[in-house]
Structure formats: C-alpha cells, structure tokens
C-alpha cells in the first residue's frame, strides 16, 4: 500500500528512535499483522507486514503485534504501559488516517498524554463519493482534528529541540 512521503516519515521516526535510545527512554514498536482472511496487505510472513528497516527494534525494545488500527485493541499495550509507569506517549508511524488516529484517540480515552510527530507519520490519497482527497490534505485534516484535545501535534525538529538534554546545574 503506497503512502505519500513514507520514506521521509520513516527517516524522521528513525531520528526519534535514535534520540530515545540515547536518552534510554522506553520504546515500543507496534507491528500490524492482518488477521482477516480477506486482507490484501499486512499479511503474515510477507514483505508488507515487516517492520521497516529504519525503525527495526533492538532486542531490548517492546514489540506489540496488533490486528486492528487501534494499537490497544486486543493487545497488551495498555497493561505494559501501566506496569511500566508510562503516562506520556510520543506517537508516529503509518497510516495517519487509520492507526495513528485510532491509537491516539484510544490512548487519550485511557488517560494518556499524547504527542504526535506529524512529519514522522504518513498517509495516502483517499476517495469517497467519487471524489479524491490528496494525501497532503488527508494528513493535514487528521492531524488538525487530533491536535489540541487528543494530542499535541508537532514536528520532529521541534520535538527534538524542545526535548534537548539540559545540563545539570
């Protein structure tokens, strides 16, 4: 499933992973594997279901396998976050209009504070009633809808600049 600006989003996600690893912050990688027999992509043991090379987890990092857009649905994500004492989530990935949207809304409903790194997310063109909506407009609409109540939406550069390690005084 081709997405618009997916390579750029993956490279920004890699920058975030590098920063989190350097700061020894917890990292959770969510992998979507289709469980519906009629699914056309994310099929088990196929290239489309593989975690992209730029965001491959280390052996010490948590992997959550999900079968629905909402990363909390029928997974151990919520219990893992609770056991780990994690209340603030930094969210990025593919697809903004599906998994990012569903997961962010669920996270907020569960009491988490969410930050979405908008340029570390990607989506695709959508169509309804014979009218196409370009991916850039889909991206802007979904991020705009999530901004404020459900999450703080920012860019990779802004997030990294705002979260620089401050020298001890």
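Summary table below
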quantity	calculated
Spin-label pair residue 158/residue 109, simplified geometry with 7 Å Cα→Cβ offset, distance in nm	2.7
Most fluctuating residue given options 23, 108, 132, as computed from a GNM of the chain linking Cα atoms under 10 Å	132
Value of relative contact order over the chain, rounded to a whole percent, pairs C-alpha under 8 Å and six or more apart	24
FRET efficiency, residue 20 to residue 82 (Cβ-Cβ, R0 22 Å, nearest 0.05)	0.65
Helix-derived mean residue ellipticity, 222 nm - over the chain, DSSP H n ≥ 4, -39500 (n - 2.57), to 500	-9500 deg cm²/dmol
Estimated FRET transfer efficiency when R0 is 22 angstrom, pair residue 54-residue 4 (beta carbons, to 0.05)	0.85
Beta bridges by DSSP in the range 55-169, antiparallel share as percent, to the nearest 5	25
Full-extension gain in nm, residue 63 to residue 33, via 0.36 nm per residue minus C-alpha separation	9.6 nm
Contour minus Cα-Cα distance for residue 129 and residue 147 (0.36 nm per residue)	3.8 nm
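Every number here is computed from the coordinates shown, using simple stated rules; none is lab data. What you see is a predicted model; the values in this text were computed from it and never measured. Backbone-built Cβ (ideal geometry, glycine too); neighbour counts: all protein chains shown.
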